[in-house]
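Please read the structure below before turning to the comments.
A short reminder: the numbers here are calculations on the coordinates, not readings from a lab. These numbers were taken from a predicted model, which means no experiment stands behind them. All Cβ positions, even for glycine, are placed from backbone atoms using ideal geometry, and neighbour counts span all protein chains on display.
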Amino acid sequence: MLMFLNRRLDIYIQGPKMVEAYCVKCRAKREIQNPQEITLKNGRKAIKGVCPVCGTTLYRILGK
C-alpha cells in the first residue's frame, strides 16, 4: 500500500503534466507553480502552491 501511495505522489509531482488545482479567485483550473507536498492536520497529504495568474495559494488534496 505504501509503495502505491509513493508512486501516486510521484505521478502528481513529477508527471509530464503539472498538478492542476481550482483557483477560486480566477474561477478556473490552473497549473500549480512551486508545488510542495505537505501533510494536513488530519494526516492527509496535499500539494500546496501558487496560482501563476493571480498569486493566490492553491491546494490539491491527494487521495488516501
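Count of the stretch 24-52 residues, restricted to those that are among the aliphatic types (A, V, I, L, M), assigned to a loop (DSSP other than H, G, I, E, B) and surrounded by fewer than 13 Cβ atoms within 10 Å (Cβ to Cβ), is 2. If I filter the stretch 49-56 for residues that are of a type in the set (Ser, Thr, Tyr) and without any contact (Cβ under 8 Å) to a residue 12 or more places away in the chain, do I get at least one hit? No: the stretch 49-56 contains no residue that is of a type in the set (Ser, Thr, Tyr) and without any contact (Cβ under 8 Å) to a residue 12 or more places away in the chain.
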